[in-house]
1. Quick check on this structure: which one of ALA67, ALA48, ALA81 is over 34 Å from the mean Cα position of the chain (by Cα), free of Cβ contacts under 8 Å to residues at least 60 places away in the same chain and open to solvent by 80 Å² or more (accessible area, probe 1.4 Å)?
2. What residue, of GLU95, GLU13, GLU18, is assigned to a helix (DSSP H, G or I), acidic (Asp, Glu) and open to solvent by 100 Å² or more (accessible area, probe 1.4 Å)?
3. Which of the residues spanning the stretch 28-78 are in a loop (DSSP other than H, G, I, E, B) and within 30 Å of PHE88 (Cα to Cα)?
4. Is it fair to say ARG73 is under 28 Å from the mean Cα position of the chain (by Cα) and open to solvent by 100 Å² or more (accessible area, probe 1.4 Å)?
5. Just give me the residues in the stretch 61-84 being out of contact with any strand residue (DSSP E or B) (no Cβ under 9 Å at 6 or more places or on another chain) and of a type in the set (Gly, Ala, Ser), in sequence order.
6. Could you list, in sequence order, all residues of the stretch 25-46 that are among the basic types (Lys, Arg) and closer than 13 Å to VAL8 by Cα?
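The values are calculated or read from the model by the stated rules, or taken from the named source; none is laboratory data. These numbers were taken from a predicted model, which means no experiment stands behind them. When we count neighbours, we look across all protein chains shown, and the Cβ atoms used for this are built from the backbone with ideal geometry, even at glycine. Note: accessible area is taken over every heavy atom of the protein model, side chains too, but ligands, DNA and RNA are not part of it. Shrake-Rupley method; radii C 1.70, N 1.55, O 1.52, S 1.80 Å.
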Amino acid sequence: MPLTLQEVQHIAELAKLELTEAETIHFREQLSAVLDYAAALQKVDTSAIPPTATVLPLRTVLRDDVARPSLDRETLLANAAESEAGCFKVPAVLE
């Protein structure tokens, strides 16, 4: 499906590109080759292939959500800059 030079210039204009005459000729050949390849792909019979969203196997990187004991309060507050009444003490953000 060869493109005309005018079609390539129109595409370049839509893309806000300024092409030289040599670039226009070069991209006409490249874009035509891309369209030819797309046309060849459309001839492939894919009726027996089910639609798919990904070619990669689906897997999760998350671990199972299993309940387990948490750290005790003293361990959690051991590295706190300040604590008070068993809670983290932080500077006031709002007045």
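1. Values: ALA67 fails: over 34 Å from the mean Cα position of the chain (by Cα); ALA48 fails: over 34 Å from the mean Cα position of the chain (by Cα).
Exactly one of ALA67, ALA48, ALA81 is over 34 Å from the mean Cα position of the chain (by Cα), free of Cβ contacts under 8 Å to residues at least 60 places away in the same chain and open to solvent by 80 Å² or more (accessible area, probe 1.4 Å), namely ALA81.
2. On the way: GLU95 fails: assigned to a helix (DSSP H, G or I); GLU18 fails: assigned to a helix (DSSP H, G or I).
Result: GLU13 is the single residue among GLU95, GLU13, GLU18 that is assigned to a helix (DSSP H, G or I), acidic (Asp, Glu) and open to solvent by 100 Å² or more (accessible area, probe 1.4 Å).
3. The initial filter retains those residues of the stretch 28-78 that are in a loop (DSSP other than H, G, I, E, B), namely 43-72, 78.
Across the stretch 28-78, the qualifying residues are LEU62, ARG63, ASP64, ASP65, VAL66, ALA67, ARG68, PRO69, SER70, LEU71, ASP72, ALA78.
4. Values: under 28 Å from the mean Cα position of the chain (by Cα): no; open to solvent by 100 Å² or more (accessible area, probe 1.4 Å): yes.
Judged against the criteria, ARG73 is not a match.
5. Passing the criteria: ALA67, SER70, ALA78, SER83.
6. Initial filter on the stretch 25-46 (among the basic types (Lys, Arg)): 28, 43.
Passing the criteria: only ARG28.
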